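Shown next, in structure tokens, is the structure this report addresses.
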Amino acid sequence: MSRFQIQTTALTGLTVVTRSKLGDTRGFLSRLFCAQELAAAGWHKQVAQINHTFTARAGSLRGMHYQQVPHAEMKLVQCLQGEIWDVAVDLRPASPTYLQWHGEKLSADNARALLIPEGFAHGFQTLSADCVLLYVQSAAHHAGAEAGLRFDDPALAIAWPLPVTEISERDQHHPLLSPMFSGVVLP
């Protein structure tokens, strides 16, 4: 019996994974990761890093982050407390969905996760206070390979559901897309 329901999105390779909750009067058990079962959703790498984030205020925004090759990473992003609007942007120039985005509401209640393949930028906005996220990543963070897109870039036109209440200085100053942007070319 699979512990995950897998749903494709309009962006090639980007997948929504819903965890099954097995419960009784004590509560529930939910599997957060299983490489064998998630292979059907596109996970084909080892786990290199697991990150945990906490964001206190609703409307806060983190992103849009990605790592350049050879440090490009797959991510499985899950919201364990609260509710977020999770967004991925396809940066693969050979993809038919190049520079398109997909947003998905992730919450502790809906048990959904977004499996983001290599070559995508990722960010999220908190829809409630006190949000806790868990990221499973296929590559360790490499400071020299980090890059980002502007969350409010008119060329992407991402529909953030709330006014942005907080954003880091770094995320405010990612560059807008230019004709020189070549995306993320995967090997």
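Coordinate-derived values only; no laboratory data. This structure is a prediction, so every number in the text was calculated from the model and none was measured. Don't worry about glycine lacking a Cβ; one is built from the backbone with ideal geometry, like all the others, and counts go over all protein chains shown.
What to note about this one:
- Considering the range 27-113, the qualifying strands (runs of 3 or more DSSP E), each wholly inside and each with 1 or more residues that are of a type in the set (A, V, I, L, M, F, W, C) and under 30 Å from Gln172 (Cβ atoms), run over 49-55, 60-67, 75-81, 83-90, 101-107.
- Selection of the range 158-182 for residues being under 17 Å from Asp90 (Cα atoms), small (Gly, Ala, Ser) and either in contact (Cβ under 8 Å) with a residue 12 or more places away in the chain or not in a loop (DSSP other than H, G, I, E, B) (or both) yields Ala159, Ser182.
- Members of the range 29-53 that are among the hydrophobic types (A, V, I, L, M, F, W, C) and either touching a helix residue (DSSP H, G or I) at 6+ places or on another chain (Cβ under 7 Å) or loosely packed, with under 12 Cβ neighbours inside 10 Å (or both): Ala39, Trp43
- Selection of first residues in the range 91-105 that are without any contact (Cβ under 8 Å) to a residue 24 or more places away in the chain and under 20 Å from Val17 (Cβ atoms) and of second residues that are in a strand (DSSP E or B) and among the aromatic types (Phe, Trp, Tyr), restricted to Cβ pairs under 7 Å at least 6 apart or on distinct chains, gives the following pairs, ordered by first then second residue: Lys105/Trp85.
- Flag not set for Arg26, criterion: within 30 Å of Leu177 (Cα to Cα), loosely packed, with under 14 Cβ neighbours inside 10 Å, among the basic types (Lys, Arg) and over 14 Å from the mean Cα position of the chain (by Cα).
- Pair list, Cβ under 7 Å, 6 or more apart: the range 16-39 residue closer than 26 Å to Trp101 by Cα, other residue among the β-branched types (Val, Ile, Thr) and buried (at least 16 other Cβ atoms within 10 Å of the Cβ): Val16/Thr9; Phe33/Val136; Leu38/Val17
- Search result, residues across the range 5-26 that are in contact with a Ser or Thr (Cβ under 8 Å, 6 or more places away or on another chain), assigned to a strand (DSSP E or B) and more than 18 Å from Gln137 (Cα to Cα): Gln5, Ile6, Gln7, Thr8, Lys21, Leu22
- Counting the residues of the range 135-156 that are exposed (fewer than 13 other Cβ atoms within 10 Å of the Cβ) and either acidic (Asp, Glu) or out of contact with any strand residue (DSSP E or B) (no Cβ under 8 Å at 6 or more places or on another chain) (or both) gives 4.
- Scanning the range 134-157 for residues that are part of a strand (DSSP E or B) and within 19 Å of Thr9 (Cβ to Cβ) gives Tyr135, Val136.
- Failed item, numbered, when Ile84 is tested on (1) under 24 Å from Leu149 (Cβ atoms); (2) surrounded by 13 or more Cβ atoms within 10 Å (Cβ to Cβ); (3) out of contact with any Cys (no Cβ under 6 Å at 6 or more places or on another chain): (3)
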